[in-house]
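Q: After the structure tokens below, expect a handful of questions from me.
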Amino acid sequence: MAEAVYIDVVLPTYRIEPEENEKFYPSVAKAIGDKVLETELSGQTYDEEEARNWSLNISDSIRQQIQEKMSKTRFKIVVQTTIGQQSDQAIRVASRCLWDPSVDNYASCTYSNETIFANSLIFCLYTD
């Protein structure tokens, strides 16, 4: 007599929006971003060579901490960090996106000291 073989089949969920406990809250992302910017740039003076590394480290750290804290498996998290020298100039950072406003959102964080300004934009996009 042949033994029965069972195969686990995972079917698609066909969910087109996150469940209530999975939603992205910009206030949580902003708190994480502000903390990372403060930790990474506090006490630093602007250095053109180091600014690139700071930008990469800050973006990676923010993205990683948001993924750990919020455990969003169906969200794509994108972090864009801009760092520049503070020298009596004005700067405006803007971004445009095409997304679903009911499930996608963003947070913005800023930091500045005597020689550095930094801005991080955190985008959270739902992928179904």
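Taken together, the values in this text are just the output of simple stated rules run on the coordinates, not laboratory data. Everything quoted here is computed from the prediction, not taken from an experiment. Cβ placement follows ideal geometry from the backbone for every residue including glycine, while neighbour counts extend to all protein chains displayed.
Q: Can you confirm whether residue 51 is under 13 Å from residue 119 (Cα atoms) and surrounded by 12 or more Cβ atoms within 10 Å (Cβ to Cβ)?
A: Judged against the criteria, residue 51 is a match.
Q: Name the single residue, out of those in the range 76-128 being hydrophobic (A, V, I, L, M, F, W, C), in contact (Cβ under 8 Å) with a residue 24 or more places away in the chain and assigned to a loop (DSSP other than H, G, I, E, B), that is nearest to residue 15 (Cα to Cα).
A: Result: 103.
Q: Give all pairs with beta carbons closer than 6 Å in which a residue from the range 11-37 that is part of a helix (DSSP H, G or I) meets a residue that is surrounded by 15 or more Cβ atoms within 10 Å (Cβ to Cβ) and of a type in the set (Gly, Ala, Ser); count only pairs at least 6 apart in sequence or on separate chains.
A: Close Cβ pairs satisfying both conditions: 26/107; 29/107; 30/107; 33/120; 36/61; 37/118.
Q: Going by the structure shown, is residue 112 in contact with a Gly (Cβ under 9 Å, 6 or more places away or on another chain), surrounded by 12 or more Cβ atoms within 10 Å (Cβ to Cβ) and small (Gly, Ala, Ser)?
A: When the stated conditions are applied, residue 112 does not pass them.
Q: For the range 42-75, name all the residues that are in a loop (DSSP other than H, G, I, E, B) and either farther than 19 Å from residue 122 by Cα or over 15 Å from the mean Cα position of the chain (by Cα) (or both).
A: Within the range 42-75, 42, 43, 44, 45, 46, 47 meet the criteria.
Q: With respect to residue 4, is the statement that it is in a loop (DSSP other than H, G, I, E, B) and aliphatic (A, V, I, L, M) true?
A: In short, yes.
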